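Take a look at the structure set out below.
The values are calculated or read from the model by the stated rules, or taken from the named source; none is laboratory data. All figures in this text were calculated on a predicted structure; none of them were measured in a lab. Cβ sites come from the backbone with ideal geometry, for glycine too, and all protein chains shown count toward neighbours. Keep in mind that these areas ignore ligands, DNA and RNA; they rest on the heavy atoms of the full protein, side chains included. Shrake-Rupley method; radii C 1.70, N 1.55, O 1.52, S 1.80 Å.
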Amino acid sequence: MSISVGGLISGFDTNSLIDQMLELQQQPIVNLQQREASYQVELSAYGSLNGILDSLKSAMEGLDSVSDLTGFSATSGDTDIFSVSADENAASGSYGITVQQLAEAHKLASGAFSGGEPVGEGTIHLKVGNGGTVGTVDISVSATDTIDDVAQAINDADAGVHAAVIFDGTDYFLTLAAEETGAENVINLTVADTGDANNTDSNGLSGLVYDVSDPDPGNHITNLSNTQDAADSIITVDGVVDIHRGTNVIDDVIEGVTITLKDVHEDLVGPPPDSTTLTVSRNTSTVVSKINSFVSGYNAALDLFESYQGYDPDTEAAGVLLGDATTNSIRNRLNNMITDMVSGVESFDRLADLGIALNDEGRLEVDSETLDSAFDDHFDDVIQFFTQSAEGSEGFAVRMVDTLDAILDSTDGTLVARTDGIQNSIDRIEDQVERIEMRNLAWESRTRAKFNALELLLAEYQNTGNYLSQQIVGMQNLNNYISGM
């Protein structure tokens, strides 16, 4: 291990001298670190720019698709009678709706059973309507099964029937309810009663029979009570009467419109019956909302550009991206798109024709009156202005999305090319700093070793001088002694 004598012999403060020399050699590192810090600030600014432009692109993606802009809305004149919705296949119009009857599910109830009383042994054959995709479901019942067991077995069978047990305080009753409404969905229950070998009487398992499948009502067997008829909904639309459906959610009477029935009209006697108005109209509010989102997103981008590229003459403070060529290019491209023409649209050439223009402060602003007039008078042209995809005459939103895609592409976009360049500069600076630090460390080690060697040599010279001085003094003393004899 080397020992630093720190100017003990020479009297020089060699440690301080080396530190000062080292500080001078560290100055290039300080300069490089300042450059790196500047690059880091610039990189952060580009991150913010990427985020704000990505938000603008998201807003524009709501404006570049016909299907996203051509929706309809529907309203009910009385939501206690029915509610309504519309999709893109609807058409504007007004309809008078009369609800004569709601669709209902078929319901049955058994006679009374005491607690724990066996139902009877055999097999239940259960079907709803024509059986649909399920057909007739067979359910086995043992001699000890109660109506609780039967209810559970029916529910486990997935036959399209829900079973429950009702207790009135004294007795227990089995209830059955079809899972789907409609006049065709009648519950039909027959049995193979192995308890008494009679499949139709009211004793044993056959006490649950409800068979109305025979066209002749005289042959119907109804050991279960019919507590609610299977029923269709019935409505009248603009004078077209007695429209039947098996459900209360009707989506095939008016194209693109779904009507959900809730209640019937009370006065159905005498012409004309009560009716409620159903209105379908263009859902311009959705388009307006998307346009406002675009305007907000574009103005946010302008705010960021001004913040990062501004200059305050009073404080002489400059934005971090002031004069940056890449940022200038992006800003100019977006600014030009606001005023560029869109060809091929009959009623509009520019965004300003729709009432969307830059105000005196250089921010986009929407003139609601002009925009509403454009919707009222030329709705299809408004949609075409934003969404047309013909090459060379792309709509405003299509063109804007394409431009932002080229800027934001994570592989070869404008921003990633610039940020990759900045990151490469940062990496090179860090490599330079590392090399300088290693060089300075080696220089410090060599220099300290040289000073230490010098101090040690001076110490040897001093020791030799002291020895010679002592010898001279000794010789003088000897000479004086001899002279005195």
Report in % the part of the accessible area of the chain that belongs to carbon and sulfur, leaving out ligands and nucleic acids; probe 1.4 Å. 47 percent
For segment 171-255, run through the GluC sites (Glu not before Pro) and keep only the ones in DSSP coil with at most 15 other Cβ atoms within 10 Å of their Cβ. 179, 184, 255
Leaving out ligands, DNA and RNA but keeping every protein chain, what accessible area does residue 445 have, in Å² rounded to the nearest 10, with a 1.4 Å probe? 80 Å²
Leaving out ligands and nucleic acids, and using a 1.4 Å probe, what accessible area per residue does the chain come to in Å²? 55 Å²
Specify the angular offset, from 0 to 90 degrees and rounded to the nearest 10, of the alpha carbon long axis of helix 368-387 from the longest principal axis of the alpha carbons in the chain. 80 degrees
Calculate, for residue 402 and residue 253, the FRET efficiency according to 1/(1 + (r/R0)^6) with r their C-beta to C-beta distance and R0 45 Å; round to the nearest 0.05. 0.60
Which order do the peptides 24-30, 259-265 come out in when sorted by mean C-beta neighbours inside 10 angstrom, highest first? 259-265, 24-30
Could you give the radius of gyration (one decimal) and Dmax (whole number) of the Cα atoms in segment 251-379, in Å? 24.6, 85
Solvent-accessible surface (1.4 angstrom probe) belonging to residue 378, in square angstrom, nearest 10: 80 Å²
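With a ≥ b ≥ c taken as the square roots of the eigenvalues of the C-alpha gyration tensor of the chain, please select rounded if a/c is under 1.5 and otherwise prolate if a/b is larger than b/c or oblate if it is not?
oblate
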Stretched out fully, how many nm does the piece from residue 412 to residue 168 gain, at 0.36 nm a residue minus the Cα gap? 80.3 nm
So the FRET efficiency between residue 341 and residue 303, C-beta based with R0 = 25 Å and rounded to 0.05, is 0.40
Could you list the square roots of 5 times each eigenvalue of the Cα gyration tensor of segment 72-222, that is, the equivalent ellipsoid semi-axes, sorted largest first and rounded to whole Å? 39, 17, 14
Residue farthest toward the positive end of the dipole of the chain, with Cβ of Lys/Arg at +1 and Asp/Glu at -1: which of 69, 97, 301? 301
Tell me the volume per residue, in Å³, of the convex hull enclosing the alpha carbons of segment 1-141. 587 Å³
For segment 159-222 and segment 80-106, what is the separation of their C-alpha centers, rounded to whole Å? 34 Å
What shape does segment 105-144 have by the C-alpha gyration tensor, where a ≥ b ≥ c are the square roots of the eigenvalues, rounded means a/c under 1.5, and otherwise prolate means a/b greater than b/c and oblate the rest? oblate
Can you find, among 449, 481, 429, the residue sitting farthest towards the positive end of the charge dipole of segment 412-485, where Lys and Arg contribute +1 and Asp and Glu -1 at Cβ? 481
Inter-label distance for residue 478 and residue 264, nm, one decimal - labels placed 7 Å from Cα along Cα-to-Cβ: 14.8 nm
Hey, could you get me the Stokes-Einstein D for segment 190-290, Kirkwood radius over alpha-carbon pairs, 20 °C and 1.002 mPa s, rounded to whole µm² s⁻¹? 116 µm²/s
Report, in deg cm²/dmol and to the nearest 500, the calculated mean residue ellipticity at 222 nm for the chain, where each DSSP H run with n ≥ 4 adds -39500 (n - 2.57) and the sum is divided by the residue count. -15000 deg cm²/dmol
In nm, give the distance between the simple-model label positions of residue 377 and residue 219, each being 7 Å from the Cα along the Cα-to-Cβ direction. 7.3 nm
